[in-house]
Amino acid sequence: MDVRLHPLFQDWLEDLADPSGPDELFDVYIEVMALISALEEFGRDLGDPECHPVVTASYDLHALRRSPPTSTTPYAQGPPVLRILFGYVRSEDRQEVAVVALGGDKIWLGNAWYPANVTQAQDRIDQWCQIHPGFKPLMRRGGLR
């Protein structure tokens, strides 16, 4: 699967990879990259426990999970409890692409983390599509926006 990163997600990811930051953050960066690689390799076939659909979204939005530990992130025990939100877009020639929109730690908010971040992820997917004409977000039921 072709996976693209929203520029603001790319900035967040680069902050995790900052060599002057704590070693724990670099470890988290490695785990996030493993999840993105799994998405590239398995596409829509990537499912639990690494990935789940976001049922409150109107877009075909999914969340990659850093924790609990999985075969992709076997050392991801404890904080941060990251969710990486991505959505599917489709080109005019029907090519499907996953756009990774944002990541964040939901440890303090639990599932209350989702509402504002789902809205922001959908906005970022819209922004990405504006920058890349010819792509449109897929809605949850498989149709185009």
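The values are calculated or read from the model by the stated rules, or taken from the named source; none is laboratory data. All of these numbers come straight from a predicted model, not from anything done at the bench. In this analysis, Cβ positions are derived from the backbone assuming ideal geometry, glycine residues included, and neighbour counts consider all displayed protein chains. Accessible surface areas use protein heavy atoms only, side chains included; no ligands, DNA or RNA. Shrake-Rupley method; radii C 1.70, N 1.55, O 1.52, S 1.80 Å.
Could you tell me whether the range 38-54 includes any residue that is assigned to a loop (DSSP other than H, G, I, E, B) and either open to solvent by 50 Å² or more (accessible area, probe 1.4 Å) or at positive phi (or both)?
Yes, the range 38-54 contains a residue that is assigned to a loop (DSSP other than H, G, I, E, B) and either open to solvent by 50 Å² or more (accessible area, probe 1.4 Å) or at positive phi (or both).
For the range 93-122, give me each residue that is more than 23 Å from Val81 (Cβ to Cβ) and within 14 Å of the chain's Cα centre (by Cα).
Val97
Go through the range 1-37 and give me each residue that's under 14 Å from Leu85 (Cα atoms) and open to solvent by less than 30 Å² (accessible area, probe 1.4 Å).
Passing the criteria: Val3, His6, Phe9, Leu13, Val32, Leu35, Ile36.
Does Ala63 qualify as being of a type in the set (A, V, I, L, M, F, W, C), in contact with a Lys or Arg (Cβ under 6 Å, 6 or more places away or on another chain) and more than 20 Å from Asn117 (Cα to Cα)?
The answer is no for Ala63.
Tell me which residues, restricted to the range 105-134, are hydrophobic (A, V, I, L, M, F, W, C), outside any loop (DSSP other than H, G, I, E, B) and open to solvent by 30 Å² or more (accessible area, probe 1.4 Å).
Of everything in the range 105-134, those that are hydrophobic (A, V, I, L, M, F, W, C), outside any loop (DSSP other than H, G, I, E, B) and open to solvent by 30 Å² or more (accessible area, probe 1.4 Å) turn out to be Ala112, Ala116, Ile131.
Within the range 18-40, which residues are of a type in the set (D, E, K, R), in contact (Cβ under 8 Å) with a residue 12 or more places away in the chain and farther than 14 Å from Pro74 by Cβ?
Of everything in the range 18-40, just one residue is of a type in the set (D, E, K, R), in contact (Cβ under 8 Å) with a residue 12 or more places away in the chain and farther than 14 Å from Pro74 by Cβ, namely Glu40.
Give the number of residues within the range 1-59 that are among the charged types (D, E, K, R), within 14 Å of Ala101 (Cβ to Cβ) and under 13 Å from the mean Cα position of the chain (by Cα).
Of the residues in that region, 1 qualify.
How many residues are among the hydroxyl-bearing types (Ser, Thr, Tyr) and closer than 11 Å to Asp48 by Cα when one looks only at the range 61-70?
So the count comes out to 1.
Yes or no: the range 65-78 includes at least one residue that is open to solvent by 70 Å² or more (accessible area, probe 1.4 Å), among the aliphatic types (A, V, I, L, M) and either farther than 28 Å from Leu138 by Cα or part of a helix (DSSP H, G or I) (or both).
No, the range 65-78 has no match at all.
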